[in-house]
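Notes follow the structure.
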Amino acid sequence: DTAVSQTPKYLVTQMGNDKSIKCEQNLGHDTMYWYKQDSKKFLKIMFSYNNKELIINETVPNRFSPKSPDKAHLNLHINSLELGDSAVYFCASSQQVGGGKETQYFGPGTRLLVL
Amino acid sequence: AQKITQTQPGMFVQEKEAVTLDCTYDTSDPSYGLFWYKQPSSGEMIFLIYQGSYDQQNATEGRYSLNFQKARKSANLVISASQLGDSAMYFCAMRELRGGATNKLIFGTGTLLAVQP
């Protein structure tokens, strides 16, 4: 009954490879997000989609391409992986309810290590 | 620009005691929301509590309460009767709410709480 799920949980790969991380939410939310947590635990938003439409793109290198096939899914594809891409990537979702009370619920994270 | 500051990188507390985790924020927007999340060693991000800038009362959720002082721009998290399972990293986050605003959360750097038996 996981609300926000991500696969894989761990991803170890070589520099230069292309990889994807998948995210699914079963909460019926209309907005989904990708956040990156670096080695110092700092969390920063990367992308946000609302009803499959991109609404936030926070100056992320264009090697990162999100794709939302439907409201319940937001995948992250990364081309030409670099050492600095090593981090934990969190997917989150929320429901627009007005008044700013939209709570974002996070997935378990994907730990990416680029060698 | 929005900013969240958590000045305590780490804290200790004895089991069953209360602890306050500090959070100050900076925003020019009168409408905003403040959130606290817990990240245990297992890595997941768990939502704890929310405070809206126009809420008249401090938010409470079980053993968690938010000491919201709007004039000081602070939103400290108070955990009462600490338990060993409260040992985790705690993040304060803010979202501006102006019309048509994006939903992004701005996070602080976190406070690592260790509960001692």
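Charging the Cβ of each Asp and Glu at -1 and of each Lys and Arg at +1, and nothing else, the dipole of the range B:1-75 about its Cα centre rounds to 140 debye.
Here the protein assembly as shown is assigned +1 on the Cβ of each Lys and Arg and -1 on the Cβ of each Asp and Glu. Its dipole about the Cα centre then comes out at about 240 debye.
Which of rounded, prolate, oblate describes chain A, given a ≥ b ≥ c as roots of the alpha-carbon gyration tensor eigenvalues and a/c under 1.5 marking rounded, otherwise prolate only if a/b is larger than b/c? In terms of gyration-tensor shape, prolate. For the range B:29-101, the square roots of the Cα gyration tensor eigenvalues, ordered a ≥ b ≥ c, give a/c of at least 1.5 with a/b no greater than b/c, which places it in the oblate category. Farthest towards the positive end of the charge dipole of chain B, among the residues B:Phe91, B:Gly108, B:Ala71, is the Cα of B:Ala71, using unit charges on the Cβ of Lys, Arg, Asp and Glu. Each Cα pair under 8 Å and six or more residues apart adds its sequence gap; the mean of these over the residue count of the range B:1-50 is a relative contact order of 32 percent. About its Cα centre, the dipole of the range A:1-79 is roughly 320 debye, where the only charges are +1 on Lys and Arg Cβ and -1 on Asp and Glu Cβ. Take each residue in B:45-53, count the other chain C-beta atoms within 10 Å of its C-beta, and the mean is 3. When you work out D = kT/(6 pi eta Rh) for the range B:1-49 at 20 °C and 1.002 mPa s, using the Kirkwood radius from C-alpha pairs as Rh and the Stokes-Einstein form, the result is 161 µm²/s. By the beta carbon rule, with partners counted only under 4.7 Å, the protein assembly as shown holds no lone Cys residue at all.
3J(HN,Hα) along the range A:79-91: 9, 6, 4, 10, 4, x, 7, 4, 4, 9, 10, 10, 9 Hz, from the Karplus curve 6.51 cos²θ - 1.76 cosθ + 1.60 with θ = phi - 60°, whole Hz, x for Gly and Pro. With N as its number of residues, the range A:1-69 has a Cα radius of gyration that, divided by 2.2 N^0.38 Å, comes to 1.19.
The numbers here are math on the coordinates, done by the rules we state, and not lab data. Bear in mind the structure is a predicted one, so any value in this text is a computation, not a measurement. Positions of Cβ are generated from backbone atoms using ideal geometry, with glycine treated the same way; all protein chains shown enter the neighbour counts.
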